[in-house]
Structures are given as structure tokens and as C-alpha cells.
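Inspection log for the structure reproduced underneath, given as C-alpha cells.
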Amino acid sequence: MGKIRETFRRYLSEKGLKSTQQRDIILDEFLRAGSHLSTEELYLRIRQTHPHIGYATVYRTLKLFSECGIASEHNFGDGQTRYESVTGGEHHDHLICTKCKRIIEFEDPRIETLQDEVARRHDFKIIDHRLELYGLCADCRAS
């Protein structure tokens, strides 16, 4: 968490922005909460212990996390931007249930290998990618 905090502080300094206690609180809760949080979900978590931190502050801070590379933004078709921590550079893909909105992360080296093969065949350099598969989870199919 120290490296992430340092990355964020360095970014704020480069942009001429202040490192504030509110931003630190938001960062700590964001990292503690796990992934795929909407602004509203993070705000509600923070409000429980820090009612003085407003929704707009959480929103702007999440945008800063994304801009400096410690969070990534996702739109999974539920009308909300969701944020997930980008730690250690590990890559994963997502299965998204269209009924209950559950998000399942997965990794499969065969997919990564296939992407590399396709890129080589087309003389294409992949810089980044996202794989999102939409369907129904086991629980929703059973009900």
C-alpha cells in the first residue's frame, strides 16, 4: 500500500494538487474495500466513519486514482462507472452476470497466448486490452 500511496502523492505533486487527509482516507478505504466499486458504493462506505467527506470529493478522488494509474475504470453495462485497484500490474478478465450484476475475475494464460498469436499474425502490437464476457452466473441460471 505504501507504493500506491507514494504513486498517488507524486501524481498530486506533479499536478500541483494537495495531498489531503480526505484523499488519504478515500485511498485507504478504496484499497481495503476490494474491487469494482462505484462512486456511490465507496461514498456510502466512507460516510459511515467520515460523514464530513462528501460525494463530490469521493468522485473527484476516484477520477484522480484513475488518471494516475492506481485504479482502472470499467463500465459493465449497469449504468455506473466502477473502479478497481491496479496493483502489481497483474492482468485479469471479467465475467459479468447480466441479471444480478455479479462480477467474476478470472485469468487464463491460454487467452493471453491466443491474443499474442493473433496480434503477431496481423503485425499488431497490443498495448492493453479488456475481455468482458456477459451472461448468467450459476446462481441466476438456477433460479
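Kindly evaluate Lys125 against the criterion of being at pLDDT below 85, open to solvent by 70 Å² or more (accessible area, probe 1.4 Å) and either touching a helix residue (DSSP H, G or I) at 6+ places or on another chain (Cβ under 9 Å) or within 25 Å of Ala142 (Cα to Cα) (or both).
The answer is no for Lys125.
List the pairs whose first member sits in the range 47-62 and is more than 14 Å from Thr20 (Cβ to Cβ), whose second member is of a type in the set (Asp, Glu) and surrounded by 14 or more Cβ atoms within 10 Å (Cβ to Cβ), and whose Cβ atoms are under 9 Å apart, counting only residues at least 6 apart or on separate chains?
Partner pairs satisfying both residue conditions: Thr49/Glu29.
Is there any pair with a first residue in the range 116-129 that is among the small types (Gly, Ala, Ser) and a second that is not in a helix (DSSP H, G or I) whose Cβ atoms are under 7 Å apart and which are 6 or more apart or on different chains, and what are they?
Ala119/Lys125; Ala119/Ile126
All but one of (1) without any contact (Cβ under 8 Å) to a residue 12 or more places away in the chain; (2) more than 23 Å from Ile104 (Cα to Cα); (3) within 14 Å of the chain's Cα centre (by Cα) hold for Arg32, so report the exception by its number.
(2)
Taking Arg102, is it within 17 Å of Leu37 (Cα to Cα), basic (Lys, Arg) and touching a strand residue (DSSP E or B) at 6+ places or on another chain (Cβ under 9 Å)?
Judged against the criteria, Arg102 is a match.
Looking at the range 112-122, which of its residues are open to solvent by less than 60 Å² (accessible area, probe 1.4 Å) and of a type in the set (A, V, I, L, M, F, W, C)?
The answer is Val118, Ala119.
Note down all Cβ pairs under 7 Å where the first residue falls in the range 1-12 and is on the phi < 0 side of the Ramachandran plot and among the charged types (D, E, K, R), the second is at pLDDT 90 or above and outside any loop (DSSP other than H, G, I, E, B), and they're at least six residues apart or on different chains.
Qualifying pairs under 7 Å: Arg5/Leu27.
The values are calculated or read from the model by the stated rules, or taken from the named source; none is laboratory data. These figures come from a predicted structure and were not determined experimentally. Note that we place each Cβ from the backbone using ideal geometry, even for glycine, and neighbour counts take in every protein chain shown. Heads up: the accessible areas ignore ligands, DNA and RNA and are worked out on the full protein's heavy atoms, side chains in. Shrake-Rupley method; radii C 1.70, N 1.55, O 1.52, S 1.80 Å.
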